[in-house]
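The values are calculated or read from the model by the stated rules, or taken from the named source; none is laboratory data. In this text the structure is predicted, and so the values were computed from the model without any measurement. Please note: Cβ atoms are built from the backbone with ideal geometry, for glycine as well, and neighbour counts cover all protein chains shown. All accessible areas refer to the heavy atoms of the entire protein, side chains included, with ligands and DNA or RNA removed. Shrake-Rupley method; radii C 1.70, N 1.55, O 1.52, S 1.80 Å.
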Amino acid sequence: CCLCGQDEPESEDEVYEVVDLTEYARRHQWWSRVFGSSSGPIAEKYSVATQLMMGGVTGWCAGYVFQRVGKIAATAIGGGFLLLQMANHSGYVQVDWKKVEKDVNKAKKHLKKKANKAAPEINTFIEEATDFIKRNIIVSSGFVGGFFLGLAS
């Protein structure tokens, strides 16, 4: 085996380091690499103008994308519903509206049950988002303004 160039283990009791990935991810968060090791609120690092610009640009981009995707979705759903109504009126399709209403009500009840179970996770997310907004109010307000400008453009 020594002739083939591969190293043999020195002993069968070799020690391997076990890495806990969850703990590693907590200690090495992506924003620590981007913004530095002391990544607190953005207000401590950048001027007000820079914060407003960062928030405004990201908000405008998000608003613009949201507007485009929303228009496409609204067109697809509205067009599909219009075609379904035309086909129903012309006699090509028969829609059992009582069954549709029953299924929609059933789905609403199912969603209510799921929403009640997911409430703690949603509340935690809302608390974290509120805390982030409070710590970074300038960037957040720039984002909101940019988002509305993106929707309007």
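Placing unit charges on the Cβ atoms only, positive for Lys and Arg and negative for Asp and Glu, gives the range 81-153 a dipole magnitude near 460 debye about its Cα centre. Remark: the ALA129-ASN105 segment gains 5.4 nm on full extension, using 0.36 nm per residue and subtracting the alpha carbon distance.
Across the range 84-95, coupling constants 3J(HN,Hα) worked out from phi with the 6.51/-1.76/1.60 Karplus curve, θ = phi - 60°, read 4, 5, 5, 5, 5, 5, 7, x, 6, 10, 10, 9 Hz, and Gly and Pro carry x. LYS112 contributes about 140 Å² of solvent-accessible surface, heavy atoms of the protein only, 1.4 Å probe.
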